[in-house]
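First comes the structure, then the notes that go with it.
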């Protein structure tokens with residue numbers, strides 16, 4: 001299937017399906033999604049693989065539950081309704097605190113000056 005013809009919400013479904021196993025091992029992090037012409041290109045998760053409590057480093061054992069992942073995915077899809085640009089990046093931050101999932105979203109729009117310079121109507 002050609003991604004240019006697929007709605008961004010469906011592309012996000014594919015992203016979450018791909019990241020599901022990794023999310024099941026993480027308690028916090030940031031999903032990043034890079035978008036160009038409303039097509040998802042690069043995506044992934046930024047996270048810290050170790051946590052510390054006092055002076056002890058601990059490897060994270062348990063991550064997001066199935067319920068957390070479904071809720072997170074739903075929030076991410078809802079946030080797409082607020083996006084007003086075609087090129088940029090979306091950051092979905094998440095953390096489990098006392099077995100409750102906390103999430104936030106950040107949009108970053110990107111523009112290319114060389115594209116503006118080739119269109120005389122935009123220079124006015």
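Things worth noting here:
- Over the chain: helical MRE at 222 nm, DSSP H runs n ≥ 4 each giving -39500 (n - 2.57), nearest 500: -9000 deg cm²/dmol
- Computed from Cα positions, the angle between helix 8-23 and the longest principal axis of the chain comes to roughly 30 degrees.
- In the stretch 1-52, one over the average inverse separation of all distinct C-alpha pairs is 12.2 Å, which is the Kirkwood hydrodynamic radius.
- Förster radius 41 Å - calculated FRET efficiency between residue 108 and residue 57 (Cβ-Cβ, nearest 0.05): 0.80
- Fewest neighbouring Cβ atoms within 10 Å first, the residues 43, 107 line up as 107, 43.
- Choice from 42, 20, 81 with maximal GNM fluctuation in the chain (Cα, 10 Å cutoff): 81
- Exposure proxy order (Cβ contacts within 10 Å, fewest to most) of 26, 50, 64, 116: 50, 116, 26, 64
- Along its three principal directions, the equivalent ellipsoid of the stretch 62-124 from the Cα gyration tensor extends over semi-axes of 37, 10, 8 Å, largest first.
- Against the chain, whose longest principal axis is taken from its Cα atoms, helix 66-79 shows a tilt of about 20°.
- Principal axis extents of the Cα atoms in the chain, from largest to smallest and rounded to whole angstrom, are 60, 34, 22.
Readers should treat all values here as calculations from the given coordinates under stated rules, not as data from a laboratory. Computed from a predicted model, the values in this text were never measured in an experiment. Every residue, glycine among them, receives a Cβ derived from its backbone with ideal geometry; neighbour counts consider all protein chains shown.
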